[in-house]
Amino acid sequence: MMQSKNATTPPEQRFVITGGPGSGKSSLLEALATEGLMHMPEAGRDIIQSQVAISGDALPWGNREAFAELMLSWELRSWHEAAEIGGPVLFDRGVPDVIGYRRVSGLSVPGHARRAAERFRYAETVFVAPPWEAIFAGDAERKQSFVEAFATWEIMVATYTELGYTLVELPRASIAERVAFVRDRLER
């Protein structure tokens, strides 16, 4: 599927927020959304909830390969949907996160996933939420330990860096301070 010729949100207006689980990405995006910024939700949580609801096995603790493919499909769909929004769009993870997930899970990275990360680009600046034990908490969908969350963060940083993105680390601060930080960077 190609980007629509009538797209109003170019890649340089698509901003990814990445990092390990439990680092405050989704809470930050929810706060930014209340201020009117458009965003695309995280693939993982919705896929997990849907798979559990249908007794599917495309789960991080089940068929990781199938889970990774569902995430890639979700991220590509989100990338295309953002084209029609106009203005800046924030993403709770992006296509490169699928490569990072595959690496942290010990899965090989197939050629189509690499090509997707190379072809479907985001803004050069990628926000990365660092591991933060004070706010880290598990839940029904987030079963990783803090050690696993830290390893995920390291792999996401390496993956986005390898793909030529410039990482901007979010401060370990209140949601309001993180919102101000992101808004300041978006306005530059």
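Numbers at a glance
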{"item": "Residue match in region 164-174 (condition: buried (at least 16 other Cβ atoms within 10 Å of the Cβ) and in a helix (DSSP H, G or I))", "result": "no"}
{"item": "G94 closer than 29 Å to R172 by Cα, touching a Ser or Thr at 6+ places or on another chain (Cβ under 6 Å) and not basic (K, R)", "result": "no"}
{"item": "Listing of helices (runs of 4 or more DSSP H) fully contained in region 36-149 that carry 1 or more residues being among the hydrophobic types (A, V, I, L, M, F, W, C), closer than 15 Å to G20 by Cβ and out of contact with any strand residue (DSSP E or B) (no Cβ under 7 Å at 6 or more places or on another chain)", "result": "95-104"}
{"item": "Members of region 40-86 found to be crowded, with 22+ Cβ neighbours inside 10 Å and among the aromatic types (F, W, Y), listed by number", "result": "F67, W79"}
{"item": "Members of region 87-119 found to be crowded, with 20+ Cβ neighbours inside 10 Å and of a type in the set (D, E, K, R), listed by number", "result": "D92, R93, D97, R102"}
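Values in this text are rule-based calculations from the coordinates and carry no lab data. As the structure is a prediction and not an experimental result, all values here were calculated from the model. We place every Cβ from the backbone using ideal geometry, glycine too, and count neighbours over all the protein chains shown.
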